[in-house]
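Report on one structure; see the data block that follows.
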Amino acid sequence: MSKISIIGAGTWGITLANMLCSCHHDVMVWSAIPEEIDYIAANHKHPKLKNTKILENIKLTKNLKEAIIDREIIVLAVPSVFVRSTSAKVAQYLKQDQIIVDVAKGIEPDTLYTMSEIIFEEINKVLPFEQEHIVALSGPTHAEEVSVGLPSTIVSASPDESVAKIVQEVFTSPFMRVYTNNDIKGVEICGALKNIIALAAGIAHGLGYGDNATAALVTRGIHEISCLGVAMGCPIHTFYGLAGIGDLVVTCTSLHSRNNQCGIYIGQGYSVKDAIDKVGMVVEGINALDAAYVLSVKYNVELPIIRAVYDVVKFGLEPKVAVINLFNRKNKAEMPFSTLELLHENLENKNTRSTKMKRVITYGTFDLLHYGHINLLRRAKSLGDYLIVALSTDEFVTLQKKKVCYFNYAERKSLLEAMRYVDLVIPEESWEQKREDCKQYHIDTFVMGDNWEGKFDYLEDEGVEVIYLPRTPEISTTKIKDDLNK
Ligand code: C2G
């Protein structure tokens, strides 16, 4: 019997507490929300786990010190965004011989740290603590099923096999089979990124697509995740294990999955905010997007599905357009590189990439679209990783530019979206929106043809690089119209 504390009284924390207590461990639960503890103490139920009676032997406390002192294993079961702050609090009472088990899944946006890296950094601010004493417990385990004793499997990951085995022993139960894995980085990358693929699977479901789409997203999704993981130095086998494909399948195909459910609402047309509100619980796939995107640029690995979800969630790209973009990509082999070649290729130019994805923006009417515009867009894209085009709306063209377009906004937008240089099209409705756009879309570089030389230098005050590129002299919409009229 072990003395175990669960930090966080969410559905997964409570489920684990019940499972451990039913295996006669000494279990204590702490929550940062006193009302949660009060509710559980009064009802022996969790509001989100209707079918589960919380065992009486589980000790409940609002005192973190009591939850840490003299406990052999501390399970961090808080949302990924609270892992850093919670670790800092836990560190005050921790001893070096204790073991931390993290069950949160995510990657920190600013640092690109995994959960165990965050925990390690925060604890080591207070006491020297071995990284091997931090274990990631991750796999295809919906709390709703584990809480009613349905057979499940999970991975106990630590570079120190002996520590992974301690956790394996403690969490093994008649219906929970635990496997050890020494690749904690790969297990955590899987845990974080599979939630984004699950959002994509939900969006596909919400759009009315079927099982074929789910199978495609699961298969290509684990390929994307494994390409990134291998480029980050992880062994490929992790991605084809329980924490990888196992967790991906269960998250993409089950309505127990909050990410899948959130994706369904988005696919049905709800805004991201409304979709999250309707799920009513933390949607970790949303929180993992920024880090996933930056990692894909840092390690120079293309993640088309993750990028599509990024565009839908972060910039409001219509899900249907995201699907069109995915299907319009150039055809390729299913496995373009062998893992080693991919690894070699990425290791070679690993340092050629800054860690920050460079975002470029440009503005225009783009009517009639011609090769002068395309020359501009191609060069603009080459200045960064992500090109946003602010396209003048019909009203803006008529009222402000005093011009008439041949194609309307929707037609001009679809032409631009079909172009491989263009990542996102947003409306240009006023001359003044540029400053705000640069802030909202985290723009690094503003580009215009040199017929606008000097007109937008003020954007440098926003820390934006302003570049005027030479126009393509011999072509213009006016010339096209004149020639056509001759
Ligand atoms: N362009 C070019 N070569 C051409 C024609 C256009 O490089 N032969 C560039 C322009 O300099 C501009 C972009 O393509 O950067 C789009 O051109 P227009 O659609 O004509 O843009 P414009 O009407 O000038 O609107 O707020 C800025 C305005 O929206 C720009």
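The values are calculated or read from the model by the stated rules, or taken from the named source; none is laboratory data. This structure is a prediction, so every number in the text was calculated from the model and none was measured. Backbone-built Cβ (ideal geometry, glycine too); neighbour counts: all protein chains shown.
Tell me yes or no: at least one residue of the stretch 33-51 is farther than 15 Å from S5 by Cβ, free of Cβ contacts under 8 Å to residues at least 60 places away in the same chain, out of contact with any strand residue (DSSP E or B) (no Cβ under 6 Å at 6 or more places or on another chain) and polar (S, T, N, Q). Within the stretch 33-51, one or more residues are farther than 15 Å from S5 by Cβ, free of Cβ contacts under 8 Å to residues at least 60 places away in the same chain, out of contact with any strand residue (DSSP E or B) (no Cβ under 6 Å at 6 or more places or on another chain) and polar (S, T, N, Q). The set of residues in the stretch 455-481 that are exposed (fewer than 15 other Cβ atoms within 10 Å of the Cβ), of a type in the set (S, T, N, Q) and either away from the ligand (no atom under 11 Å from the Cβ) or closer than 17 Å to N375 by Cα (or both) is empty. Evaluation of K298 against the conditions (1) over 24 Å from F82 (Cβ atoms); (2) among the basic types (K, R); (3) modelled with pLDDT of 95 or more shows that the sole unmet condition is (3).
Only residues that are among the β-branched types (V, I, T), over 28 Å from the mean Cα position of the chain (by Cα) and within 21 Å of V90 (Cα to Cα) were counted in the stretch 13-43, giving 3. In the set (1) touching a helix residue (DSSP H, G or I) at 6+ places or on another chain (Cβ under 9 Å); (2) closer than 30 Å to R307 by Cβ, the condition left unmet by S173 is number (2).
Looking across the stretch 119-174, the residues that are within 18 Å of C234 (Cβ to Cβ) and either of a type in the set (V, I, T) or in contact with a His (Cβ under 6 Å, 6 or more places away or on another chain) (or both) come down to I134, V135, V155. Scanning the stretch 128-138 for residues that are farther than 18 Å from K89 by Cα, under 23 Å from the mean Cα position of the chain (by Cα) and not polar (S, T, N, Q) yields a count of 3.
On the stretch given as the stretch 145-167, residues that are buried (at least 20 other Cβ atoms within 10 Å of the Cβ), over 18 Å from C190 (Cβ atoms) and of a type outside the set (A, V, I, L, M, F, W, C) total 1. One residue stands out in the stretch 250-278 among those that are surrounded by fewer than 19 Cβ atoms within 10 Å (Cβ to Cβ) and outside any loop (DSSP other than H, G, I, E, B): the one that is nearest to the chain's Cα centre (by Cα), namely V272.
The set of residues in the stretch 30-75 that are farther than 14 Å from T15 by Cβ, loosely packed, with under 13 Cβ neighbours inside 10 Å and touching a Lys or Arg at 6+ places or on another chain (Cβ under 8 Å) comprises P34, D70.
Scanning the stretch 1-24 for residues that are of a type outside the set (A, V, I, L, M, F, W, C) and touching a helix residue (DSSP H, G or I) at 6+ places or on another chain (Cβ under 7 Å), we see that the one that is surrounded by the fewest Cβ atoms within 10 Å (Cβ to Cβ) is S2. Checked against (1) of a type in the set (G, A, S); (2) touching a Gly at 6+ places or on another chain (Cβ under 8 Å); (3) within 17 Å of S156 (Cβ to Cβ), S257 passes all but a single condition, namely (3). Scanning the stretch 130-172 for residues that are acidic (D, E) and closer than 17 Å to T52 by Cβ returns E144, E145.
Contact map, the stretch 451-474: first residue in contact (Cβ under 8 Å) with a residue 60 or more places away in the chain, second residue more than 8 Å from the ligand (Cβ to nearest atom) and not hydroxyl-bearing (S, T, Y), Cβ cut-off under 6 Å, separation 6 or more or different chains; pairs are L469/R379. Against the test of being within 11 Å of the ligand (Cβ to nearest atom), closer than 12 Å to G364 by Cβ and aliphatic (A, V, I, L, M), the options V447, V425 yield a single qualifying residue, V447.
Results for (1) within 12 Å of the ligand (Cβ to nearest atom); (2) surrounded by fewer than 18 Cβ atoms within 10 Å (Cβ to Cβ); (3) of a type in the set (F, W, Y), shown as yes or no for each residue.
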{"position": "L368", "(1), (2), (3)": "yes, yes, no"}
{"position": "H373", "(1), (2), (3)": "yes, no, no"}
{"position": "L376", "(1), (2), (3)": "yes, no, no"}
{"position": "D385", "(1), (2), (3)": "no, no, no"}
{"position": "I388", "(1), (2), (3)": "no, no, no"}
{"position": "K401", "(1), (2), (3)": "yes, yes, no"}
{"position": "E411", "(1), (2), (3)": "no, yes, no"}
{"position": "M419", "(1), (2), (3)": "no, no, no"}
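Quick one: K125 ticks every box in (1) surrounded by fewer than 19 Cβ atoms within 10 Å (Cβ to Cβ); (2) in a loop (DSSP other than H, G, I, E, B); (3) within 23 Å of the chain's Cα centre (by Cα); (4) not hydrophobic (A, V, I, L, M, F, W, C) except a single one, so which number is it? Result: K125 passes all but (3).
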